[in-house]
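Down below is the structure, laid out as structure tokens.
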Amino acid sequence: MTFSPAKVVLDVECFRQVGRVLDGIKVNDETIALDLIKKVGPRGSFTGEKHTVKNYRKEGLMADLFERRPYGKWEEDGARDSYAVATERAQDIIRNHKPTPLKPEVLSAIDDILGEAAEEKGYSDWFRNEFLPNRRR
């Protein structure tokens, strides 16, 4: 079996984007901004409007790993693909992330669940001898 930390980082990015799509689009007087549409007009630009700036960050999801720049700029900056960026991000997480330790009662509950599964599969001796002695309590 193989495992790719970079693939996990890519998967998380995809899940974030799917989650944002599933959140849907809020439709109300504030988000529609009909008076702004009338003000800007059919050939106008919304990008400089305060309403756009304010709401874009809430409504849009800027993917961190997927390239959005023009091809020439991407190429000029080293032409790194998403997998290379994800690999770098995964290495940074592995080096620097300090997870909050689980509470002893949570660890104990996990041990109980794993112990039951090991027993069901006939691995209870291995579990007791190899896994539990290494567990910090």
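Overview of results
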quantity: All positions within segment 1-31 that are acidic (Asp, Glu) and either in contact with an Asp or Glu (Cβ under 6 Å, 6 or more places away or on another chain) or surrounded by 10 or more Cβ atoms within 10 Å (Cβ to Cβ) (or both); calculated: 11, 13, 23, 30
quantity: Identity of the residue in segment 48-68, among the charged types (D, E, K, R), open to solvent by less than 100 Å² (accessible area, probe 1.4 Å) and assigned to a loop (DSSP other than H, G, I, E, B), that ends up farthest from residue 16 (Cα to Cα); calculated: 49
quantity: Qualifying residue in segment 85-96 (condition: of a type outside the set (Val, Ile, Thr) and closer than 30 Å to residue 27 by Cβ); calculated: no
quantity: Only listed residue being touching a Ser or Thr at 6+ places or on another chain (Cβ under 9 Å) and free of Cβ contacts under 8 Å to residues at least 40 places away in the same chain, chosen from 48, 115, 72; calculated: 115
quantity: Residue count for segment 47-65, restricted to those that are acidic (Asp, Glu) and farther than 30 Å from residue 81 by Cα; calculated: 1
quantity: Selection status of residue 80, closer than 30 Å to residue 31 by Cβ, out of contact with any Pro (no Cβ under 6 Å at 6 or more places or on another chain) and not acidic (Asp, Glu); calculated: no
quantity: All positions within segment 76-96 that are out of contact with any helix residue (DSSP H, G or I) (no Cβ under 7 Å at 6 or more places or on another chain), of a type outside the set (A, V, I, L, M), part of a helix (DSSP H, G or I) and closer than 17 Å to residue 5 by Cβ; calculated: 88, 91, 92, 95, 96
quantity: Close pairs (7 angstrom Cβ cut-off, 6 or more residues apart or separate chains): in a helix (DSSP H, G or I) in segment 22-37, of a type outside the set (Asp, Glu) anywhere; calculated: 31/55; 36/51
quantity: Any pair with Cβ under 6 angstrom, 6 or more apart, that starts in segment 86-98 at a residue that is on the phi < 0 side of the Ramachandran plot and ends at one that is not in a helix (DSSP H, G or I); calculated: 86/65
quantity: Failed condition for residue 99, given (1) more than 20 Å from residue 18 (Cα to Cα); (2) assigned to a helix (DSSP H, G or I); calculated: (2)
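The values are calculated or read from the model by the stated rules, or taken from the named source; none is laboratory data. These figures come from a predicted structure and were not determined experimentally. Counting neighbours? That spans all protein chains shown, and the Cβs are built from the backbone with ideal geometry, glycine included. Side chains are part of the model used for accessible areas, which takes the heavy atoms of the whole protein and leaves out ligands, DNA and RNA. Shrake-Rupley method; radii C 1.70, N 1.55, O 1.52, S 1.80 Å.
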